[in-house]
Amino acid sequence: MDLREKLNILGDAAKYDVSCSSSGSSRGAPKGGLGSGCSAGICHTWSADGRCISLLKVLFSNACKYDCAYCINRRSNDIPRATFTPRELIDLTLEFYRRNYIEGLFLSSAVVGSPDNTMEKLVYVAKELRTVHRFGGYIHLKAIPGASSRLLYEAGLYADRSSVNVEIPSDRQLQYLAPEKNYESIFRPMNFLAERKLEYSAGKHSRYTPKFLPAGQSTQMIVGASGESDLQILRLSAGFYNQQRMKRVYFSGYIPVNADKRLPALTTKPPLLREHRLYQADWLMRFYHFGHEEILDESNPNLDPDLDPKAMWALRHPEFFPIDLQTADYEMILRVPGIGVKSAQLIVSGRRFCKIRLEQLKKMGVVLKRAKYFIYNPDVPANLRRLYPEMLRPLLIARPKPAQLDFFSQLQMPALPAPAPLSSVG
């Protein structure tokens with residue numbers, strides 16, 4: 001099999017792994033070396049200044065030893081298989097960079113032979129790029145569950161970011177859908193890398209000391225392949241942020257690609273709206289100082305498909321509203337639907353000089369069609385501030401535009417076999 005065919009197979013197999021984003025690290029070009037890492041972004045994403053950042057995103061191999069029910073690369077599937085050699089991957093990365101196609105490498109793999117054997121190949125590629133070719137671009141390496149601590153530590157020295165995909169949000173369901181895996185093998189590399197990074201951050205280093213995972217860790221969960229509630233998923237995500245100090249937790253809506261009786265048979269469209277709501281809730285935990293127990297609880301275990309999580313929380317707590325933007329603290333202003341982080345900061349800084357009016361709120365980026373029901377303002381009619389949650393709910397539900405309705409009505413369930421939302425990469 002020639003290199004082009006391998007690249008087609010393994011590049012296509014890797015594109016469903018979404019656990020990568022802006023790099024979060026800054027790595028200067030080594031003296032006389034090649035490339036540099038920029039904290040603006042990586043992997044076909046938009047940076048803060050509007051640039052689209054790209055990287056070579058491939059699997060080392062899709063010849064997996066595991067037979068996970070949800071994965072297109074499972075060993076029982078009859079699909080084209082391919083495996084790179086380390087030299088091929090190194091040359092591809094360097095040549096693509098010289099042609100200005102990419103700014104870094106995202107390297108994952110199915111488990112070939114054993115976890116140590118697979119991890120050793122991935123580490124070899126990163127080590128050669130860093131030490132031999134003086135490559136200073138972004139590198140994201142998958143940490144293979146079951147790999148030795150020595151290899152995981154080496155990966156942390158040469159990679160900017162590492163990730164282990166949780167895949168299924170509960171250990172019981174993971175063992176049901178992927179009997180050869182368990183949470184212990186997944187959490188061990190996560191915890192090891194988190195501890196080593198914490199030790200590195202606590203120490204004193206010279207500029208010559210190799211950095212250890214400067215962009216931290218990320219992970220990914222499949223949503224809808226098993227029966228977990230949104231509360232269980234958010235609780236697990238909160239644990240990752242608090243204990244493993246994850247940079248990001250990604251969600252991938254389940255799409256059936258294998259005929260397996262253990263998997264749910266979707267009779268509707270893939271759970272893309274649920275995935276979207278989980279990302280919104282994740283955003284509230286990361287930037288709006290919400291705890292997962294505030295967003296959902298045992299009496300409300302799932303997110304509302306019609307309302308974003310912040311509006312959902314506000315309707316459940318009418319005792320806090322409406323608030324006076326002139327006197328409310330920053331934390332409370334953040335909880336008003338339609339007010340974002342930057343808008344809240346502008347309100348707090350601007351109210352020192354004058355009373356905040358609706359026209360000023362518009363210029364600050366506040367979405368008044370939602371916020372006006374939750375704030376005191378002389379320009380807001382009093383009757384809009386006295387509505388009950390049952391009356392507010394239909395006013396807050398976003399109605400899709402006709403063009404959006406046409407798009408969603410044309411969505412069809414994929415025929416089997418189809419691309420998987422997540423490769424079984426450990």
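The values are calculated or read from the model by the stated rules, or taken from the named source; none is laboratory data. Note that the structure is a prediction, hence the values are computed from the model and not measured. All Cβ positions, even for glycine, are placed from backbone atoms using ideal geometry, and neighbour counts span all protein chains on display. Protein only, heavy atoms only, side chains kept; ligands, DNA and RNA dropped before computing areas. Shrake-Rupley method; radii C 1.70, N 1.55, O 1.52, S 1.80 Å.
The combined condition, being over 21 Å from Met391 (Cα atoms) and either without any contact (Cβ under 8 Å) to a residue 24 or more places away in the chain or in a loop (DSSP other than H, G, I, E, B) (or both), is fulfilled by Pro264.
For segment 94-137, a residue qualifies if it is part of a strand (DSSP E or B) and under 30 Å from Asn182 (Cα atoms), and the qualifying residues are Leu105, Phe106, Leu107, Ser108.
Looking only at residues of segment 145-182 that are surrounded by fewer than 16 Cβ atoms within 10 Å (Cβ to Cβ) and in a helix (DSSP H, G or I), we find that the one that is nearest to the chain's Cα centre (by Cα) is Asp171. Taking segment 299-369 as the region of interest, the helices (runs of 4 or more DSSP H) fully inside it that hold 2 or more residues being without any contact (Cβ under 8 Å) to a residue 24 or more places away in the chain and surrounded by fewer than 15 Cβ atoms within 10 Å (Cβ to Cβ) are 341-350, 358-363. Summed over segment 107-147, residues that are among the aromatic types (Phe, Trp, Tyr) and free of Cβ contacts under 8 Å to residues at least 60 places away in the same chain total 1.
So that you can scan it fast, the table gives a plain yes or no per residue for (1) farther than 14 Å from Asp12 by Cβ; (2) open to solvent by 60 Å² or more (accessible area, probe 1.4 Å):
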{"site": "Lys57", "(1), (2)": "no, no"}
{"site": "Ser61", "(1), (2)": "no, no"}
{"site": "Arg75", "(1), (2)": "yes, yes"}
{"site": "Ala82", "(1), (2)": "no, no"}
{"site": "Arg87", "(1), (2)": "yes, yes"}
{"site": "Ile102", "(1), (2)": "yes, no"}
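Counting just the residues of segment 228-259 that are open to solvent by 40 Å² or more (accessible area, probe 1.4 Å) and within 23 Å of Cys68 (Cβ to Cβ), which one comes out farthest from the chain's Cα centre (by Cα)? Here the answer is Ala259. Taken across segment 279-291, residues that are touching a strand residue (DSSP E or B) at 6+ places or on another chain (Cβ under 8 Å), in a helix (DSSP H, G or I) and open to solvent by 50 Å² or more (accessible area, probe 1.4 Å) do occur, with at least one present.
Matching residues to (1) at pLDDT 85 or above; (2) not basic (Lys, Arg):
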| residue | (1), (2) |
| --- | --- |
| Gly35 | no, yes |
| Lys65 | yes, no |
| Tyr70 | yes, yes |
| Ala82 | yes, yes |
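Tallying residues that are open to solvent by 90 Å² or more (accessible area, probe 1.4 Å), assigned to a helix (DSSP H, G or I) and not hydrophobic (A, V, I, L, M, F, W, C) within segment 370-398 yields 2. Pairs linking a residue in segment 380-403 that is closer than 16 Å to Val336 by Cα to a residue that is modelled with pLDDT of 85 or more and of a type in the set (Lys, Arg), with Cβ atoms under 9 Å and 6 or more positions apart or on different chains, are Val380/Lys372; Leu384/Lys372; Arg385/Lys372; Pro389/Arg316; Leu395/Lys369; Leu395/Arg370; Leu396/Lys369; Leu396/Arg370.
The set of residues from segment 339-372 being basic (Lys, Arg) and under 30 Å from the mean Cα position of the chain (by Cα) comprises Lys342, Lys369, Arg370.
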